[in-house]
Amino acid sequence: QVQLVESGGGLVQPGGSLRLSCAASGSMFSINAMGWYRQAPGKQRELVATVTSQGSTNYADSLKGRFTISRDNAKNTVYLQMNSLQPEDTAVYYCNGDLVRVGPGGLRSYDYWGQGTQVTVSS
């Protein structure tokens, strides 16, 4: 069974930093893009950042310069370094991965989500 497990969330004061991690485990052939999304109370889930297996990154325009996504392919892990956090960054952060698995018809990619980790920015 494949799963994505996030860690690193918590409570931080405005201006502080947090680093989220998301590890993929289970039976998989490879991982294509991985990314982070977030959902604040009463709002829709939104893109934070994505990174391809080759390391190309994409960010939500409003978060460029404060957030940095990276991945360790050897560990099947993606990270999100969040700096200068503000109360409006408070949300549940979800990890997403496009994982390639061997199926009856051969290799196929599947979309997986983690369970989410709470990030609260408050004084």
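Bear in mind that the values in this text are calculations on the coordinates, not laboratory data. All values derive from a computational prediction rather than experimental measurement. So basically every Cβ, Gly included, is an ideal-geometry build from the backbone, and we count neighbours across all protein chains shown.
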Relative contact order (percent) for the chain, with alpha-carbon contacts under 8 angstrom and 6 or more residues of separation? 36
Spelling it out for PHE29: with amide H atoms placed in the peptide plane at 1.01 Å from N, the residues 5 or more places away or on another chain with amide H under 5 Å from its amide H are VAL100, ARG101, VAL102
Residue by residue through segment 32-47, the couplings from Karplus 6.51 cos²θ - 1.76 cosθ + 1.60 with θ = phi - 60°, in Hz, x for Gly and Pro, are 7, 6, 10, x, 10, 10, 9, 9, 8, x, x, 10, 6, 5, 10, 5
Dividing the convex hull volume of the Cα atoms of segment 18-57 by its residue count, what figure in Å³ per residue is obtained? 104
Along the charge dipole of the chain, Cβ charges K/R +1 and D/E -1, which of LEU85, SER123, THR52 sits furthest on the positive end? THR52
So if I place +1 on the C-beta of Lys and Arg and -1 on the C-beta of Asp and Glu, and nothing else carries charge, what would the dipole magnitude of segment 13-116 be about its Cα centre? I want it in debye, nearest 20. 140
For the pair ASP61 and ASN73, how long in nm is the line joining their label points, each one 7 Å along Cα→Cβ? 3.1
Rounded to the nearest 0.05, FRET efficiency between SER17 and GLU88 (Cβ-Cβ, R0 22 Å) equals 0.90
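Would you kindly state how much longer the chain becomes between VAL102 and SER53 on full extension, computed as 0.36 nm times their sequence separation minus their alpha carbon distance, in nm to one decimal? Mind dumping the intermediate values first?
Details: separation 49, 0.36 × 49 = 17.64 nm, distance 1.82 nm.
Gain on stretching VAL102 to SER53: 15.8 nm.
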Give me a comma-separated list of calculated 3J(HN,Hα) values for segment 82-87, in order, Karplus coefficients 6.51, -1.76, 1.60 applied at θ = phi - 60°, integers in Hz, x for any Gly or Pro. 10, 10, 6, 5, 10, x
Between ASN32, TYR112, LEU18, whose Cα lies farthest towards the positive end of the dipole of the chain when Lys and Arg beta carbons carry +1 and Asp and Glu beta carbons carry -1, centred on the Cα centre? ASN32
